[in-house]
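Student: Just passing along the structure, written as structure tokens.
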Amino acid sequence: MKIRYLAAVAMAACFASAAFADKVVFSSGAFLTGTAGEFSNGKLNFKSEELGEIAIDVEKIAKLESDGVHTVRLHDMTTSKAKVTVVDGDYMVEENGELKPLDMEDVKDIDPVVEKWHGSANLAATATRGNTIGESVSFEADVRRRWEKDRFTASTGYYFSQSGDSRETKRKDTSRYELMAQEDHFWTGEKFYSYVKGKYEFDRIMELNYRYRLGAGLGYQWLEKDDFGHGPLSFSQELGAEWIEERYKPIAKDDYCALRYAHHFAWGITAVDGMDFTHNFEYLPQVDDWENYLINADVALVYAFRPDWQLKLAAEWNYHSRVADGIKRSDIRYILALGYKW
């Protein structure tokens with residue numbers, strides 16, 4: 001008697017589970033039951049007992065039967081909760097018990113990824129012994145986060161190298177440190193923003209005791225992870241002004257106001273899974289002396305060979321048109337580093 005009772009309970013539980021399971025019906029008439037998850041990049045994440053976790057193209061879904069509540073984010077970055085389903089490949093939203101088409105022209109995305117702090121730390125080191133005695137170390141780290149209306153980025157870098165014919169003749173070839181932070185605030189939708197930025201630099205080889213930069217300006221986010229078939233693209237331009245205070249060893253302290261133009265480009269290369277390309281550029285001419293200017297630029301290829309580990313190949317260029325006597329205006333660094341990312 002007890003066994004029959006337990007069997008009946010188990011069967012009832014199975015039927016109840018099937019009754020309340022989500023269901024995806026395809027155009028062919030085939031269907032899957034299971035649990036409907038989040039929408040992501042035109043796909044529905046779905047978990048079924050037969051196939052496990054899969055991603056289904058929304059355009060291939062004839063009907064989605066689910067009471068799941070999803071987050072809808074508009075282009076002005078406002079969000080709302082709604083019951084979203086799919087009928088004949090189109091997103092539908094339930095309002096007052098009725099299904100209505102979701103106007104995708106106003107929608108940036110459905111179930112946007114909850115932004116967290118992201119960043120990376122990259123380290124490169126070499127040592128030579130024999131005809132040349134030398135060591136070099138470079139360390140770079142960055143953190144960033146994107147909210148609905150704000151974005152924060154910060155980075156730091158330390159570069160050191162020394163070489164010579166012997167331990168006694170070794171001299172420093174590179175000794176540089178920098179720290180930067182920038183806060184962006186988006187005012188109208190997801191494109192137009194204002195920013196404030198600060199940066200500190202020290203370079204012993206260029207005899208730069210310090211350089212402080214503090215500035216503000218406006219920016220425009222032309223692209224932000226927009227995918228045209230070859231991977232997500234991001235591109236922004238900025239125009240502003242900065243107050244710069246710097247001191248080189250042989251000369252007195254100098255401070256001046258400079259204009260600033262900058263652009264930032266990032267491409268997640270679809271053809272090579274885990275590969276990203278980035279490029280940054282900024283130009284800062286002194287307002288009352290255009291022959292005095294700074295240029296900073298970099299290009300980098302980053303390959304994530306594991307979810308938390310990456311290789312970074314980068315070239316960085318720093319140029320100052322006016323430096324102390326005997327000091328070169330241009331510095332170029334080539335870096336191959338192993339990094340951890342989160």
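The values are calculated or read from the model by the stated rules, or taken from the named source; none is laboratory data. Quantities reported herein were computed from a predicted structural model and do not represent experimental measurements. Reconstructed Cβ throughout: ideal geometry from the backbone, glycine too, with neighbour counts over all protein chains shown.
Quick grid of which residues meet (1) touching a strand residue (DSSP E or B) at 6+ places or on another chain (Cβ under 6 Å); (2) polar (S, T, N, Q):
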residue	(1), (2)
258	yes, no
261	yes, no
264	yes, no
276	yes, no
284	yes, no
287	yes, no
290	no, no
294	yes, no
310	yes, yes
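One line per residue, one yes/no per condition, for (1) aromatic (Phe, Trp, Tyr); (2) under 15 Å from residue 324 (Cβ atoms); (3) modelled with pLDDT of 90 or more:
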| residue | (1), (2), (3) |
| --- | --- |
| 175 | no, no, no |
| 178 | no, no, yes |
| 182 | no, no, yes |
| 190 | no, no, no |
| 196 | no, no, yes |
| 200 | yes, no, yes |
| 204 | no, yes, no |
| 210 | yes, yes, yes |
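Student: Could I ask something else about it? Considering only residues that are surrounded by 14 or more Cβ atoms within 10 Å (Cβ to Cβ) and either under 24 Å from residue 219 (Cα atoms) or among the hydrophobic types (A, V, I, L, M, F, W, C) (or both), which ones fall in the range 273-291?
Tutor: Within the range 273-291, 275, 276, 277, 278, 279, 280, 281, 282, 283, 284, 285, 286 meet the criteria.
Student: Can you pull out the residues in the range 307-342 that are farther than 30 Å from residue 117 by Cβ, among the hydrophobic types (A, V, I, L, M, F, W, C) and not in a strand (DSSP E or B)? Spell out how you get there, then give the answer.
Tutor: Let us first name the residues in the range 307-342 that are farther than 30 Å from residue 117 by Cβ, namely 319-332.
Cutting the leftovers down to among the hydrophobic types (A, V, I, L, M, F, W, C) gives us 323-324, 327, 332.
Within the range 307-342, 323, 324, 327 meet the criteria.
Student: When the residues of the range 149-172 are narrowed to those that are assigned to a loop (DSSP other than H, G, I, E, B) and surrounded by 14 or more Cβ atoms within 10 Å (Cβ to Cβ), which ends up nearest to the chain's Cα centre (by Cα)?
Tutor: That would be 149.
Student: Any residue in the range 93-102 that is under 17 Å from residue 24 (Cβ atoms) and surrounded by 15 or more Cβ atoms within 10 Å (Cβ to Cβ)?
Tutor: no
Student: Same structure again: Go through (1) more than 30 Å from residue 308 (Cβ to Cβ); (2) polar (S, T, N, Q); (3) within 30 Å of the chain's Cα centre (by Cα) for residue 96 and report which single condition fails.
Tutor: Condition (3) is where residue 96 drops out.
Student: Which residue, of 239, 223, 233, is part of a strand (DSSP E or B) and at pLDDT 95 or above?
Tutor: When all the criteria are applied, what remains is 239.
Student: Hey, another quick one. From 218, 233, 223, grab the single residue that is farther than 13 Å from residue 262 by Cβ, without any contact (Cβ under 8 Å) to a residue 60 or more places away in the chain and in contact with an Asp or Glu (Cβ under 8 Å, 6 or more places away or on another chain).
Tutor: Testing whether each residue is farther than 13 Å from residue 262 by Cβ, without any contact (Cβ under 8 Å) to a residue 60 or more places away in the chain and in contact with an Asp or Glu (Cβ under 8 Å, 6 or more places away or on another chain) leaves just 233.
Student: Which one of 304, 297 is under 16 Å from the mean Cα position of the chain (by Cα) and surrounded by 14 or more Cβ atoms within 10 Å (Cβ to Cβ)?
Tutor: 304 is the lone residue from the list that is under 16 Å from the mean Cα position of the chain (by Cα) and surrounded by 14 or more Cβ atoms within 10 Å (Cβ to Cβ).
Student: Residue check: is residue 139 assigned by TED's automatic domain parsing to the domain that holds residue 334, over 22 Å from residue 242 (Cα atoms) and in contact with a Gly (Cβ under 9 Å, 6 or more places away or on another chain)? First the steps, then the outcome.
Tutor: Working: assigned by TED's automatic domain parsing to the domain that holds residue 334: yes; over 22 Å from residue 242 (Cα atoms): yes; in contact with a Gly (Cβ under 9 Å, 6 or more places away or on another chain): yes.
Taking the combined requirement at face value, the residue satisfies it.
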